[in-house]
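Computed from the coordinates by the stated procedures, all read-outs in this text should not be read as laboratory data. What you see is a predicted model; the values in this text were computed from it and never measured. Glycine also receives a Cβ, built like all others from the backbone with ideal geometry; neighbour counts cover every protein chain displayed.
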Amino acid sequence: MIHLNIGSNLDSIFGNRFDNITTAVNFLIESKFKVKKVSNFYETPSYPNKRLPKFLNIGILGTFEKNHKELFKITDLIEKKIGRVKSKKNDPRVCDIDIIDFNGSIVNLKPISIPHKKSHLRNFVLYPINQIDPGWKHPIFKKNAKFLINKLDLKSRIEITRLNKNVNINI
């Protein structure tokens, strides 16, 4: 199975943060990514500058018939369609799609790194995975999301809010 994480903390031509993420999911579906499960929205402060707009993130579990390179091309194109302009690391953005896990593969080829290098340290990645796929294990560390969440510092565990709101998808 494939785990993706989609985030947004800016408005775009498609609307607000919720709209950007929903649009990204629908573009993925149009690109033949088969969505199996989608987490609730999760909100976190912007990092490292907490004065910037808060981020929304979701986790997606699905399948894709092509390889990770093709999926990376598609996610990059979707980010651009929604209006992402690559800028400085950690700057606000309208859409960010990360491949967290691609069928347990370990890939380290620039610009692709699977699993995402910091996925095991990010609350906005681990909480959605724990919600939609509690049996998932990190391909390198062989630990599940709950174990990795418990390894996060207290601040990371309390600075995340699960919203009672879901993505509207067209399947």
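Total residues in the range 122-149 satisfying the condition of being farther than 18 Å from Phe41 by Cβ, assigned to a loop (DSSP other than H, G, I, E, B) and either among the basic types (Lys, Arg) or under 13 Å from the mean Cα position of the chain (by Cα) (or both): the figure is 2.
The set of residues in the range 141-159 being aliphatic (A, V, I, L, M) and exposed (fewer than 14 other Cβ atoms within 10 Å of the Cβ) consists of Leu154, Ile158.
As a summary of the residue check, Val107 satisfies the conditions (1) over 17 Å from Gly7 (Cβ atoms); (2) hydrophobic (A, V, I, L, M, F, W, C); (3) out of contact with any helix residue (DSSP H, G or I) (no Cβ under 7 Å at 6 or more places or on another chain) except for the one numbered (3). Listed residues Lys137, Lys155, Lys146; which is touching a Pro at 6+ places or on another chain (Cβ under 8 Å) and free of Cβ contacts under 8 Å to residues at least 24 places away in the same chain? It is Lys146. For the range 22-52, a residue qualifies if it is surrounded by 15 or more Cβ atoms within 10 Å (Cβ to Cβ) and of a type in the set (Asp, Glu), and exactly one does: Glu43.
Residues in the range 77-91 that are surrounded by 14 or more Cβ atoms within 10 Å (Cβ to Cβ) and either over 20 Å from Lys37 (Cα atoms) or among the polar types (S, T, N, Q) (or both): Glu79, Lys81, Ile82, Gly83, Arg84.
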